[in-house]
Amino acid sequence: SRVSSVTIPPPACMLLPLEVPNRYLFGPGPSNVPPRVLAAGGRPIIGHLHHEMYEIMNDIKKGIQYAFQTNNHMTLAMSGSGHAAMECAVFNVVEPGESVLVSVNGVWGERVAEIAERMGAKVHTLVKAPGGYFTNEEIEKALAKHKPVLFFLTHGESSAGLAHPIDGIGDLCRKYDCLLLVDSVASLGAAPLLMDQQKIDILYTGSQKALNAPPGTAPISFNDRACHKMFNRKTKPVSYLFDMTHLSNYWGNDGKPARDYHHTGPVSGFLALRESLAILAEKGLENSWRHHKEVLVSRLNGAVVSLKDLRLPSVTTITIPDGYEWKELLAYMIKHHQLEMTGGLGPSIGMVIRVGLMGYNCSTSNADKALAALSDALKHCPKRKA
Ligand code: PMP
């Protein structure tokens, strides 16, 4: 039979205009993107291998070095979301059969444990309930017992609303010849973190939280210890796309005179990321940290789960008042206030509602708006008997 014509008609939805609501994104991400960053992402596309793009990527590297407080040369942005950075870190520094220690006190440790397990690592976990944290003594005991090549810790546990202490853990990892990998997707720019001073070997974040860029790019940095491990491995990393041998060349970090084609980076995403890093540099990290804390303390303190000084200033957890169905509260706020909060994630599902006021969104007026929407929802949603 002759193949001659299309049989599937254009879908009716494609003949209608694109509809996107204006919404307050007060959940754990993505956060609202300020006009300046949106505009940067709307600039003309240029080639991902044009020299102007290399300059923009060099700017991004400097912006990340500032945001991370690191002098690491091996600094870049992943073409992908926070998960791309998680996988890149694990895939490049761990070889199959090696021991990895993952702290699990919410969903992010669970994810990293699974990523490491999938690539054939021997995974050991240190487990606490959501919102729990690990003492340096507990960490040291586990390092001594499992002799991992990599220890993973979430700085901003967005599923539980906890900012984990970091001081001293880098020294412990060095003592046991282990790399320290820290997730700062939900905390970067909102809570103090100093990559070099705190001896973090690998640090990554996301674009869509306190940086207020669109989702889809993820800053990451490796220090010399991490580079030594990942560039002296016996096996190739399981991922071609995330292989740091290629990515370091693409970002001009490998000392070679030319950057070769590896993949086509998300040009618009990088333009927007550059602008969001510029805004953070203009505002100043310390101002940004202080601002997030002030909004939290002045507005949300009474409402949130008590985590004392360890409360994450970017994403806070509110205990679901007795007798309410959390999904109904969230649906009410979206419908009547165009305002998003979210429920728990992984082990915190059903326990909390999460409010994120990050970067551009972090203001006392937005906090008041969020609390007013929640109290309106509590007034109008039916209360069930426990
Ligand atoms: N880690 C943390 C702490 C996060 O909050 C998130 C996103 N909610 C991620 C990792 C994953 O990032 P992404 O959704 O961009 O892949």
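Summary of computed values
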{"item": "Mean Cα-pair separation over length for the chain, i.e. relative contact order, pairs under 8 Å, 6 or more apart, %", "result": "24"}
{"item": "Alpha-carbon Rg/Rh ratio, for the stretch 35-280, with Rh computed the Kirkwood way", "result": "0.96"}
{"item": "Choice from LYS128, LYS293, LYS61 showing the highest fluctuation, given a GNM over the chain with Cα pairs closer than 10 Å", "result": "LYS128"}
{"item": "Pairs of alpha carbons in the stretch 11-88 whose separation is greater than 20 Å (percent)", "result": "57"}
{"item": "Choice from ARG311, ARG274, ARG43 with maximal GNM fluctuation in the chain (Cα, 10 Å cutoff)", "result": "ARG43"}
{"item": "Added length on full extension, which subtracts the Cα-Cα distance from 0.36 nm per residue, GLU114 to LYS283", "result": "57.1 nm"}
{"item": "When the stretch 324-386 is reduced to its Cα atoms, the Kirkwood hydrodynamic radius in Å", "result": "12.3"}
{"item": "Positive-end residue, the chain charge dipole about Cα centroid, Cβ charges, pick of LEU18, ALA190, VAL107", "result": "LEU18"}
{"item": "Spread of Cα-to-Cα distances over 10 Å intervals beginning at zero, given as percent, for the stretch 1-42", "result": "18, 27, 23, 16, 12, 4"}
{"item": "Phi to ³J(HN,Hα) by Karplus 6.51 cos²θ - 1.76 cosθ + 1.60 over the stretch 219-236, Hz, x for Gly, Pro", "result": "x, 8, 9, 10, 8, 5, 4, 5, 5, 4, 5, 7, 9, 10, 7, 8, 9, 7"}
{"item": "Length released on extending from GLN338 to LYS234, taking residue separation times 0.36 nm less the Cα-Cα span", "result": "32.2 nm"}
{"item": "Gap separating the Cα centres of the stretch 310-386 and the stretch 266-287, nearest whole Å", "result": "28"}
{"item": "Under the Karplus curve 6.51 cos²θ - 1.76 cosθ + 1.60, θ = phi - 60°, whole-Hz ³J(HN,Hα) for the stretch 170-183, x wherever Gly or Pro sits", "result": "x, 5, 4, 4, 5, 4, 9, 6, 10, 8, 9, 10, 10, 8"}
{"item": "The chain - mean residue ellipticity at 222 nm from DSSP helices (-39,500 (n - 2.57) per run, n ≥ 4, rounded to 500)", "result": "-11000 deg cm²/dmol"}
{"item": "Efficiency of FRET between ILE349 and ARG384 - r from beta-carbon atoms, R0 22 angstrom, step 0.05", "result": "0.80"}
{"item": "³J(HN,Hα), Karplus 6.51/-1.76/1.60, whole Hz, each residue of the stretch 260-270, x for Gly, Pro", "result": "8, 5, 10, 8, 8, x, x, 3, 4, x, 5"}
{"item": "Choice from THR154, THR245, THR75 with maximal GNM fluctuation in the chain (Cα, 10 Å cutoff)", "result": "THR245"}
{"item": "P(r), alpha carbons of the stretch 276-386 - 5 Å bins starting at zero, rounded %", "result": "2, 11, 21, 22, 19, 12, 7, 3, 1, 1, 0"}
{"item": "Computed magnitude of the charge dipole of the chain (debye, nearest 20; Cβ of K, R +1, Cβ of D, E -1)", "result": "500"}
{"item": "14 Å beta-carbon shell around LEU271, net charge (K/R +1, D/E -1)", "result": "-1"}
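Since every read-out is calculated from the coordinates, none of them should be taken as a lab result. Given the structure is predicted, the values throughout are model-derived calculations rather than measurements. Here Cβ is always computed from backbone atoms with ideal geometry, including for glycine, and neighbour counts include all displayed protein chains.
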